[in-house]
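The values are calculated or read from the model by the stated rules, or taken from the named source; none is laboratory data. From a predicted model like this one, the values you see are computed outputs, not experimental measurements. Note that each Cβ is placed from the backbone with ideal geometry, even for glycine, and that neighbours are counted across all protein chains shown. SASA here: full protein model, heavy atoms, side chains in, ligands and nucleic acids out. Shrake-Rupley method; radii C 1.70, N 1.55, O 1.52, S 1.80 Å.
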Amino acid sequence: MTTLTKASRRDFLKIAGSSVGGLVIGFSWFSCDSPKMEVLSTEEILSQAKSFNSYLSISPSGDVVIYSPNPELGQNIKTSFPMVVAEELDADWEKVRVLQANLDTEKYDRQLTGGSGAMPHSWERLRKAGATAKFVLVAAAAKAWNVNASEITVEKGIISHKGSGKSGHFGEFVAEAATMTAPEEVTLKDKKDFKIIGTSVKNVDSKEMYTGKPMYGLDFYREGMLHAMIQRAPFGMKIKAVDDSAARGVSGVKDVVTFGTSVAVVGESTWPLLKAKKLLRIDYEPDGAVESTADHDRIFADLMLNGKPDVKRKDGNFDAAFKGAAQVVTAEYQCPFIAHSPMEPENFFAHVKGDKVELIGPTQTPDRARQATAQLLGIPLENITVEITRLGGGFGRRLRADYVEEAVEVSRAMNAPVKVTWSREDELTGGAYRPAVRYRFEAGLDASGNMIAYKLRGVGMNAGNCTRENNFPSGAVANVLIESIEHKSSITTNAWRAPITNFLAYAEQSFLDEVALAAGKDPVQFRLDLLQQAKTSPVGGELGYDVDRMIGVVKAAAEKSNWGKDPNVKQGFSVYYSHRSYVAQVADIAMEGGTPVLKKVTAVTDCGMVVNPIGANHQVRGGIVDGMGHAMYGNLTFENGVPKQKNFDSYRLIRMKEVPEIDTHFLDTGFDPTGLGEPALPPTGGAIANAIFSATGRRLRSQPFIEQKEFSDIKLEIRRA
Amino acid sequence: MANYNLKINGKSHTVDVDDDTPLLWVLRDNLGLVGTKFSCGIAQCGACTVHINGNATFSCLTPVSSIGNAEVLTIEGLSEEGDHPVQKAWAEVDVAQCGYCQAGQIMTAVALLKSNPNPNMEEIDNAMNRNICRCGTYHKIREAVALAAKTK
Ligand code: FES
Ligand code: FES
C-alpha cells in the first residue's frame, strides 16, 4: 500500500539552495519561517556540515550528504537513519555520505539516544524528507525536459524519462529543484518496493573505526587545551578539608581546583593527573546517609514488610483470591547496583569564554548537556553550542550531564579550554548506577492449576516505579496487585539499558516458571494459556503490550528452539515486551558427562519491519551478551558509601569465552519499525536461569549468579558449537 | 623527565616525558596517535593493545622507559587505507557496534595470526579472551578472525 502523507504544520519542510549551489532539505519541527536560501557547493556543504543542520544536501555533482541527528553509541542509528532517507530518495547508497549533526533544537526533534525510541519516532519524518527531495528533483527534470513528471522514474540517483530517452543524475537538477516550493503532500513508497531498507548495509564509520581515526570524545584535542581528572566524594559525604600539596608536586600538574564535593587536578597531559589524583588527601564528613550493602539488605527487608506501597495496578481482589487459592507460590528476587561501564570512559570538552560555551563530546542527550550548562552558568541556551562525537558505548550512562558540568566548572575556573577524563575507577565509583531492587511475588492457583491471583511488590533504591504494571501477566489474571516502594538512597542511580525491565523481566520470567512448575504445566504452554486469557477476556484497564504479537514470538521461539523435543537438552524459556518490541528467548543447556554446558540462546524478535538486518542482528546478539554478562557477573557492593569493586579486575564483564551461540530470528509482522537497542536484553537472564533450573534443579533468585550459593557447586560451562 | 627515542610504525619519534609514563599516554597525549584506546588502565580490557616487537601488549601498563629500541606498531601503522587483511575482514563482517574496543581487538587478532596463521575456533577464543567488548560483538570478532585467517 502506498502511503500519502501530509507535512503537518509542526513538520514544516524547508528547501534551500540557489542556482550555483546545492539542494538542501531539512525539517524544521518547531518553526514556520520561510525557506532559507543558501548558496553551497559540495565542499561548502561538507565543510559547513558542522553548522548547517539539515537532513539532506545534494550537490551539483550529485553527491548526497545525509545528516544523522541522533548520537551514535553503537546502536547503528548513523547508518539506519540515512538508509531510510536514501530509500525514499532512490539515491545510490554508494554515493551517500553520512555526517553527524550538531545539537539544534530548532531543526531536530528528540535529538537523543535512549529508550530505543529514535526509529519509531523518526521513521515517517525521514521517509518524508527523502520523498520530498525526490519529488522536487523529478519536478525539476520534468520541467527541463518538458515531460510529464508521472512518466519519470528514478533509480540509484539517476532520473530517467523513457519516452524521450533522457536521463541525468540528481546533481543536474538541484539548481532548479532548489527554487521550488516543498509539496504539501508526498507519496511514500510501497514497502515492497524498498531497495535499501531491509538489506544489510554496513556501518558507515567502518573505515575510520578500523584505522584508528580520532572520532570519540576522548580523542578530541584542541591546541592549548588542558586536561582534568576529578576525585569525587563517597556517596553521602562532603569535603571537610583538602591537602593537595603532594598532588601539586607532581610534574605536569598545573593546578588543583575544588568545587562542590569534587577536587580536580589540572595539567597538560593525562598521566601526571592519574598520579596526582592518587596523592590528594581529602577528609570527608557525612552529609546524609552513608550506606553500605548490609544497610541495603536491612532496608529491603524492612520496606518489603512495612513500607507504604504506591499501588500501580489493582484488578479484582488479590487478597481474597490468594486466601482462597488451592495452591500458592511466593518468592523473592533481588539484583544489585551495577555500573554502565561503556568502554570509553566519561569525558567532555568545554570552553567557557565569558558568557559563551563550546561543548564537544560524547553525550546521549546533547540538549540536556546544554540545559545543565545554561543553568550552571546562568546564561541563555543560545550561547552554548554542542558538538556530538561518536560515543564509545552509552548504556544510559551518557544520559546524565554530570561530567559535562564538571568540564564547564573546570574550564570556568581555569579560564581555558578543558577536557575532563574519567578513569575506570571513576566510572565504577562515580554513581549513576542501575538501581538495586528486590521483588516479592505471590501467586495463587485454583484447583486446576490456573493462576487466579498475582501480586508483585517491588522495593527499589532510587528506582522510581520499579514495576511495569501494564506488562504481562497483567490482563491475563483475574486478581492482580502491583505495588512499588522507593527508598531514597544516597547512592545515585540512572537509567541503565532497558531501565527496570533489565532485572524485572528476569525476576518475573523466573517466577512464572516457578508457578508453571507448581501448576504442573509446561512453561511455554503456561504462558500461552495466560496470553489466550488476555486475548479473549482481558482483565482490567490498559495493557502495555499487544497480546497477538506476544503470542507470535512465544510460538515462534518454541518452534525455532525445538522446545521440549530433545531430552538431552535442558531448556529455559523467557519472553518480554519492552520499548515497543517483543523478544522471546530459549536457552539450551546440554548435559555432558554430568556437566551442564550452556550452548545456545535462540531469540525471536518482533520489532516490526527490520530496517537493517545486519544491524538488527547485532543489537539482539549484543543485548543478549549484555543481559547474560550482567546476570552472571555484575555486582557492586558498598562499604560506607564507597563501592568495593573499582576496576575490571574485581568488577567482572563477560568475555569472548563466556558467550554461547546465539541464533536470531525476526518476525515480519508488517508493523513499522520499533526500537532494538534495548528489548533483547530483558528476557536473557530469565531464559538462562530457567535453563539452569531445568538442568540442575537450582533456582537462582538473585544476581549475579556466580555469587549465589545455589550456583556455587554448579560447574556451568559455556561453549559454542 | 627524560628524552626517549621511540620507533613507532616505522618512524622514529622523540618525546620528553617522565620515565614511568605508560606508552599509552605517550601515544595519545604526546604523539596524537589516539587510535590506541584507554579504558581500564590496569591491563584488564585490551583496549590499549599495541605490538611491541610483534607481540600484543597492553600499552597502559608499559612504561616508556621499558621500550628501548623495540618496534612499536599501533593501529595507525597497520595500513594507510585500512586494507590490512584483518581490517578488511573486520569491515566485511561489520564487526563494530560502538567501535571503541575494536582497534585493540584488531591488534590482538593481527598478533595471533602472525604467530598462528590457521587458528582453530578454540585458539581464536583463547587469544581474543584478553580483550573486552562491552557491546558484546564477540561472535563477529570470532567470525572476522576466522575470515582473516582464510583470506590473508
Ligand atoms: S586500557 Fe590497557 S588493558 Fe585496559
Ligand atoms: S564495539 Fe563497543 S566496546 Fe566493542
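The table below gives the values:
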{"item": "10 Å Cβ neighbours from other chains, averaged over peptide A:201-208", "result": "4"}
{"item": "Estimated FRET transfer efficiency when R0 is 56 angstrom, pair A:GLN525-A:ALA149 (beta carbons, to 0.05)", "result": "0.45"}
{"item": "Estimated distance in nm for a label pair at A:ARG298 and A:THR181, the labels positioned 7 Å out from Cα along Cα-to-Cβ", "result": "7.3 nm"}
{"item": "Bridge type composition, the protein assembly as shown - antiparallel percent by DSSP, nearest 5", "result": "75 percent"}
{"item": "Overall form of segment B:1-41 per C-alpha gyration tensor (a/c, 1.5; a/b vs b/c)", "result": "oblate"}
{"item": "1.4 Å probe accessible area per residue over segment A:297-394, in Å²", "result": "41 Å²"}
{"item": "B:ASN55 paired with A:ARG222, simple spin-label distance in nm, labels 7 Å along Cα-to-beta-carbon", "result": "4.2 nm"}
{"item": "Calculated [θ] (222 nm, deg cm²/dmol) that DSSP helices of n ≥ 4 give over chain B, each run adding -39,500 (n - 2.57)", "result": "-9000 deg cm²/dmol"}
{"item": "Euclidean distance of C-alpha centroids, segment A:375-449 and segment A:482-497, integer Å", "result": "15 Å"}
{"item": "Added length on full extension, which subtracts the Cα-Cα distance from 0.36 nm per residue, A:ASN317 to A:LYS644", "result": "113.3 nm"}
{"item": "Along each principal axis, Cα extent of the protein assembly as shown, largest first, Å", "result": "81, 76, 61"}
{"item": "Averaged over B:31-38, number of beta-carbon atoms from partner chains that fall within 10 Å", "result": "5"}
{"item": "Stretchable slack from A:THR595 to A:LYS356, in nm (0.36 nm times residue separation minus alpha-carbon distance)", "result": "79.7 nm"}
{"item": "Residues A:GLU661 and B:ASP83, FRET efficiency given R0 of 51 Å [Cβ-Cβ distance, rounded to 0.05]", "result": "0.95"}
{"item": "GluC sites (Glu not before Pro), loop per DSSP, at most 14 other Cβ atoms within 10 Å - longest free stretch of chain A", "result": "A:269-541"}
{"item": "Helix-only CD estimate at 222 nm, as mean residue ellipticity for chain A, using -39500 (n - 2.57) per DSSP H run (n ≥ 4)", "result": "-8500 deg cm²/dmol"}
{"item": "Calculated from backbone phi, Karplus (6.51, -1.76, 1.60) coupling profile of segment A:439-444 in Hz, x at Gly/Pro", "result": "10, 10, 10, 9, 10, x"}
